[in-house]
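Right, one structure below, let's go through it.
The values are calculated or read from the model by the stated rules, or taken from the named source; none is laboratory data. Quick caveat: nothing in here was measured; it's all calculated off a predicted structure. Please note: Cβ atoms are built from the backbone with ideal geometry, for glycine as well, and neighbour counts cover all protein chains shown. Just so you know, the surface numbers come from the protein's heavy atoms only, side chains and all, with ligands and any DNA or RNA stripped out. Shrake-Rupley method; radii C 1.70, N 1.55, O 1.52, S 1.80 Å.
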Amino acid sequence: MLKKVFLIVVLGNLFSFLFAYNPPAGGQNVLRISSPTLLTDGSSSAGGGFFNITPSSVVNNPALSAFEQRVILDLAGTMLFDDKDESDKSVGGAFQTGILIPSRWCVSTFLFQGVWVPFYDMHLGNSLNFTADFAKDINDKLAIGMSLNVGIFYGYDSDWNGGVNMGALYNFGDLLFMKDLRFGGALLNLGKPFENTELRGIEDTEAEKWPGITPKFGVAATMYSSNQVDIGASLDISIPAFQNFVLDAGVQVFILDFITVNSSWEYDAREYAEGDKNIIPSIGVSCKFMFNSKDGSMLAKKGWAQSEMTVSGAWKQLYKNINAVSVGATLNLGLEDTQAPEIILWENN
């Protein structure tokens, strides 16, 4: 019975999107502009070159959080600027806050995002979006995940959307010069899209159903590693509404165990053909800090005496004159357990 219901939902979404594909510019990426990590990670469904996971990573693949061992908190915001907009609106923005919580049964992630983008060349309008994600490792190499997303749209008419996203992640291991090679796949936006909105679509007519159901596939690995510098890369292909082709590529450079430089590039065939998209790469920098909590503090009592904080910033030119500047901070509570358990069969006296 569940298989039949799922098949009906998939086919219903597919047939509805085959008749029209005219989202607003950036409509497929509406949840990927709220943090510096999302702007510069190449929309990686395999976790990026170094597999640095935050709560917002689940918008690319619901399975990415499955191997996380620590509670992770995330807070970020993005300002968008267009001083040549035809509607005389020069400022937009987005924000996010999220938490990732590992447990014995699964890893749960909760993410809240807000988007306010009024520009003529990137007419996303106003929306509030909530994502609840649940991921589980099947074994040391395979993980699966599912998330539920609900959004409320307002300001340019009003509407809501709701969808289910599913994903899988496979950790292949090392292959030739590639270390920690991973493959990711996801099926996104299965459900009700935004459709009752007064927005400009990429074809310069009123936007239709968005975001569209999207299959997505990717690969990522560390390509080079030394004591001073590590280099990672990712490559993703997605097919929004089965009527578009999007290629995302990302490169990360980790320097002296402290600074990470990120850059990503996206080619959206339909947006580029309509003259909306540019192909300038994004650039971002993040710095990782260790800190110790005082004995007796709440963090120390929970076993989080030592934790990591990563502070990030990024810039990306999205469309024509639209520039995005983003800052954020991620807090990993406690230290990752990288030591295997010691098993003693008997003890010598």
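Give the residues of segment 253-293 that are acidic (Asp, Glu), part of a loop (DSSP other than H, G, I, E, B) and either modelled with pLDDT of 95 or more or more than 19 Å from residue 231 (Cα to Cα) (or both), sorted by residue number.
274, 276
State whether one or more residues within segment 133-152 are closer than 30 Å to residue 205 by Cβ, out of contact with any Gly (no Cβ under 8 Å at 6 or more places or on another chain), open to solvent by 10 Å² or more (accessible area, probe 1.4 Å) and in a strand (DSSP E or B).
Going through segment 133-152, the residues closer than 30 Å to residue 205 by Cβ turn out to be 149-152.
Next cut, out of contact with any Gly (no Cβ under 8 Å at 6 or more places or on another chain) only: 152.
If we keep only those that are open to solvent by 10 Å² or more (accessible area, probe 1.4 Å) too, we end up with 152.
The next check asks that each one be in a strand (DSSP E or B); those that pass are 152.
Checked segment 133-152: at least one residue is closer than 30 Å to residue 205 by Cβ, out of contact with any Gly (no Cβ under 8 Å at 6 or more places or on another chain), open to solvent by 10 Å² or more (accessible area, probe 1.4 Å) and in a strand (DSSP E or B).
Across segment 153-164, what is the total count of residues that are open to solvent by 20 Å² or more (accessible area, probe 1.4 Å) and polar (S, T, N, Q)?
Summing the residues that are open to solvent by 20 Å² or more (accessible area, probe 1.4 Å) and polar (S, T, N, Q) in segment 153-164 gives 1.
Listed here are the residues, each with its yes/no results for (1) in contact with a helix residue (DSSP H, G or I) (Cβ under 9 Å, 6 or more places away or on another chain); (2) at pLDDT 95 or above.
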{"position": "82", "(1), (2)": "no, no"}
{"position": "99", "(1), (2)": "yes, yes"}
{"position": "115", "(1), (2)": "no, yes"}
{"position": "120", "(1), (2)": "no, no"}
{"position": "124", "(1), (2)": "yes, no"}
{"position": "132", "(1), (2)": "no, yes"}
{"position": "150", "(1), (2)": "no, yes"}
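Let me confirm something: among 46, 94, which residue is at pLDDT 90 or above, over 10 Å from the mean Cα position of the chain (by Cα) and not in a loop (DSSP other than H, G, I, E, B)?
Details: 46 fails: not in a loop (DSSP other than H, G, I, E, B).
The unique qualifying residue is 94.
Would a scan of segment 218-239 turn up a residue that is on the phi > 0 side of the Ramachandran plot and without any contact (Cβ under 8 Å) to a residue 60 or more places away in the chain?
no
Being buried (at least 23 other Cβ atoms within 10 Å of the Cβ) and part of a loop (DSSP other than H, G, I, E, B) is true for just one of 184, 218, 212, 167. Which residue is that?
212
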